[in-house]
Amino acid sequence: AFANVNLDWEWKYGWDDFQDRFTPELTVAETIGRQTGNFPLSLSGGVLDRKDPRYPWVMRTRLGVMLVHELRAWDYGPETDMAFYGKLYEFGYGEPDCQVFNYWDAGHPVKIEGVNGRTIVLARGRKALVIITDYGNGGTAKLIVDLNKLRLPSNVTAKDFETGETVSSTVSGEFVFQLKKHDFKAMLIE
């Protein structure tokens with residue numbers, strides 16, 4: 001028998017942040033499904049009461065982990081996830097001219113300092129979208145972008161992909177920002 005979908009994460013339901021449930025190493029080795037070419041879905045339920053005040057935060061930690069590993073959830077929601085994915089697809093994620101760089105591959109075009117983060121980079125045309133998910137205690141993060149590898153000009157600027165606010169730049173291709181414990185930040189660089 002063979003399958004075309006990978007279902008994982010069913011053994012740790014509850015209210016813990018997703019960074020505390022599964023290490024990035026486990027996620028890459030087991031969950032992403034690339035060893036068999038399967039489509040990776042997470043069974044990340046157990047958070048059934050959407051009115052519980054913990055729900056938005058736990059789902060945000062789930063989204064951050066899923067984004068940097070290119071996972072999707074088996075269950076629907078929350079609406080904030082759907083809105084974020086809508087913006088990703090509007091950027092061009094999944095289009096033939098959108099290049100994806102995963103943090104575990106050699107030659108990854110960004111480095112993160114100051115936090116224990118994992119990243120994914122989407123490059124399309126003369127812009128890039130970088131998503132950073134914290135696996136530690138948060139703090140002041142510095143993102144260092146290889147502008148040449150991403151074919152970006154030296155005078156790039158960055159904006160928060162969710163809010164549109166400008167992200168501080170120390171030198172060309174370096175950006176500094178605060179990242180809460182287990183939160184994620186998406187930056188549009190152009």
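The values are calculated or read from the model by the stated rules, or taken from the named source; none is laboratory data. As the structure is a computational prediction, the values presented were derived from the model and not from experiment. Please note: Cβ atoms are built from the backbone with ideal geometry, for glycine as well, and neighbour counts cover all protein chains shown. Remember, those area values only see protein heavy atoms, side chains included, never the ligands or the DNA or RNA. Shrake-Rupley method; radii C 1.70, N 1.55, O 1.52, S 1.80 Å.
Worth a mention:
- Karplus (6.51, -1.76, 1.60) ³J(HN,Hα), θ = phi - 60°, over the range 86-93, in Hz, Gly and Pro reported as x: x, 5, 4, 5, 5, 4, x, 4
- R151, R60, ranked by accessible area, largest first (probe 1.4 Å): R151, R60
- Note on D20 and A83: their simple-model spin labels are 2.6 nm apart, each label 7 Å out from Cα toward Cβ.
- Ordered from largest to smallest accessible area (heavy atoms of protein chains, 1.4 Å probe), the residues K149, K51, K180, K142 come out as K51, K180, K149, K142.
- Using the 1.4 Å probe convention, the accessible area of the chain works out to 50 Å² per residue with neighbouring protein chains retained.
- Convex hull volume of the C-alpha atoms in the range 1-71, normalised per residue: 86 Å³.
- Solvent-accessible area of S154 with every protein chain in place, 1.4 Å probe, in Å² to the nearest 10: 90
- When the Gaussian network model of the chain links Cα atoms closer than 10 Å, the mean-square fluctuations of F101, F18, F39 top out at F39.
- Measuring only protein heavy atoms, the 1.4 Å probe finds Y85 accessible over about 20 Å².
- Accessible-area composition of the chain, carbon plus sulfur, in percent [1.4 Å probe]: 52
- Accessible area of E25 in the full protein assembly, 1.4 Å probe (Å², nearest 10): 110
- Euclidean distance between Cα centres, the range 7-22 to the range 99-117, Å: 23
- Reported value for the chain: 122 Å³ per residue, from the convex hull of its C-alpha atoms.
- Dimensionless Rg ratio for the range 102-186, taking C-alpha atoms and the 2.2 N^0.38 Å reference: 1.01
- Ordered by 1.4 Å accessible area with all protein chains kept, H108, H182 run largest first as H108, H182.
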